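Structure first, commentary second.
Any read-out appearing in this document is the output of simple, stated calculations on the displayed coordinates, not a laboratory observation. This one's a predicted model, so the numbers in the text were calculated from it and none came from an experiment. Neighbour counts are summed over all protein chains in view; Cβ atoms, including those assigned to glycine, are modelled from backbone coordinates with ideal geometry.
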Amino acid sequence: MSTTPDNPVEGGERQRQARLAQSDALTPAGAVRTNFQGGLEETFLEEETDEEYGKAVAARGYWEGIWLRLRKDKLAIAGGIFIIVLFIVAFGGAPLAERLLGHGPNDINPIPGPGGGITNDLLPVKPWTYVNHIMPDGTTQSQLYILGADGTTGRDEFLRLLFGAQVSLEVGIGATMIAMVLGLILGSIAGFFRGWIDTVISRVTEITMAFPYLLFVIALASTVGTRLNTVTFGFLSQGAFTLIVVFGIFSWFYSARVFRGITLSLREKEFVEAARMIGSSDMRIVRSHIFPHLVGPLIVFSTLNVAAFIVAEAGLSFLGLGIPLPTASWGNLLADAPNFYLTRPLLLLWPGLALVMTTLAFNLLGDGLRDAFDPRTQR
């Protein structure tokens with residue numbers, strides 16, 4: 001009996017089906033088989049069963065990335081928390097303490113003996129001493145001096161520390177705003193337009209750098225200083241406006257040079273060239289493409305400048321050229337304290353410690369912000 005040989009095509013198909021069955025038997029549960037271009041090569045892709053791989057990863061924004069880097073710097077976060085607490089204490093706690101204690105930071109009590117602001121030896125009373133104050137109705141009320149008196153005038157050291165923080169922050173922030181605005185505008189214009197504009201602004205910057213602003217402060221204090229000290233705009237302390245203007249006008253040059261250098265680099269970038277090609281004006285390019293890239297350096301320089309201006313205000317007040325008495329200032333508190341450094345050494349400690357902690361907090365925050373805005377500078 002003759003047999004007909006199998007069709008070669010059918011035989012090949014049966015062999016392919018057998019191989020597929022064998023591979024299916026060896027495939028792990030939950031796997032997916034894919035055929036490439038109808039060939040015999042089989043590829044198995046293991047399905048992702050972990051829920052984490054199924055979640056979409058959200059892209060981080062610019063400011064979110066800065067915050068994530070900043071919060072890793074514990075010293076910078078500590079400095080920022082101290083600054084926030086200082087603002088609350090200076091502008092909220094000082095008026096509250098004045099109301100609770102019943103007397104102001106400029107109220108004097110130079111009467112020696114029990115109930116007075118100074119002792120029989122003409123020394124300031126010690127901390128946690130009750131002092132008699134004459135009320136507006138003529139009666140006498142015993143009130144607490146938490147940190148004692150500040151000197152022979154018998155003023156409350158604790159309240160003067162709190163209100164001195166107001167003065168320091170007003171001068172530091174006000175002068176920083178003026179210096180940063182002038183430096184940002186002049187530096188970006190000089191770096192973007194170059195040419196004769198850059199030359200003029202650079203020469204003005206060099207003249208400002210060479211000007212001895214301390215002599216200007218002395219001349220201003222001896223001429224129109226008494227009139228400028230009364231300018232408060234309803235919210236500034238006495239004498240703060242003069243220092244804000246002087247520090248701001250004579251301190252913008254450093255930030256202007258930095259912003260000029262950054263702008264010189266930015267104006268050659270591709271996105272600026274693209275903006276020119278679509279017809280954007282120079283002022284639109286500066287406003288929309290240059291200024292946003294200067295926000296990071298602006299914030300960093302601002303925090304560092306506030307610390308520098310607070311120290312400068314304290315130094316001038318210590319010399320008698322800054323905040324005039326009786327307005328409270330850490331500088332004039334330090335000026336009176338050396339007279340009692342042997343008998344009342346704490347009078348040196350309180351304003352000195354406040355000044356050191358405040359400047360340290362601003363510097364730590366500034367260093368942390370610098371590393372957060374530019375990760376390449378991280379230590």
Around Ile185: net Lys/Arg minus Asp/Glu count, Cβ-Cβ under 13 Å: +2
Sites Tyr213 and Glu270, calculated FRET efficiency, Cβ-Cβ separation with R0 30 Å, nearest 0.05: 0.15
Surrounding net charge for His289, when Lys and Arg each add one and Asp and Glu each subtract one, Cβ distance under 15 Å: +1
For Val272, net neighbour charge (Lys/Arg +1, Asp/Glu -1) across residues whose Cβ lies under 14 Å away: +2
For peptides 166-172, 299-305, 98-104, sequence by mean Cβ density within 10 Å, most packed first: 166-172, 299-305, 98-104
